[in-house]
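Structure first, commentary second.
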Amino acid sequence: VAEREADVHADTARTFAAFMSNHYVRPVDDATPDVRAEFREEYLVRNGWPTDEQLAVVEESLSVIDAVAADVDDPADR
């Protein structure tokens, strides 16, 4: 994400990856809708030290993370 997108998305991606690794021991692309909601509504705001900009675009950031993960999973789609 850091190589392809804005810093705000990269910051959220790092926080999301830490959340998935520490709480679920799973890659980010295995996050269910409920896990994403937990990240968005609980973890990020309490433990992620997000900026106002991060909070404003968290849904977009999660979409960006999905898109980048899909490209990593299947580089032929790039």
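The values are calculated or read from the model by the stated rules, or taken from the named source; none is laboratory data. Fair warning: this is a prediction, and the values are worked out from it, not measured in the lab. In this analysis, Cβ positions are derived from the backbone assuming ideal geometry, glycine residues included, and neighbour counts consider all displayed protein chains. The area values use the complete protein model at the heavy-atom level, side chains included, leaving out ligands, DNA and RNA. Shrake-Rupley method; radii C 1.70, N 1.55, O 1.52, S 1.80 Å.
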**Message:** Please give me, ordered by residue number, the GluC sites (Glu not before Pro) of the chain that lie in loop per DSSP and have at most 13 other Cβ atoms within 10 Å.
**Reply:** 3
**Request:** Arrange the residues 40, 46, 26 by how much accessible surface each exposes, largest first, with a 1.4 angstrom probe.
**Result:** 46, 26, 40
**For the chain, built as a Gaussian network whose Cα springs stay under 10 Å, the top-fluctuating residue of 29, 11, 52** = 52
**0 to 90° range, to nearest 10: angle between helix 58-73 axis and the chain longest Cα axis** = 30
**Item:** Test item: Cα-centred dipole of the chain, Lys/Arg +1 and Asp/Glu -1 on Cβ, debye
**Value:** 280
**Item:** Crossing angle, helix 7-19 versus the chain [Cα axis fit, 0-90 degrees, rounded to tens]
**Value:** 80
**Message:** Please compute the length gained on full extension between residue 45 and residue 70, using 0.36 nm multiplied by the number of residues separating them and subtracting their Cα-Cα distance.
**Reply:** 6.4 nm
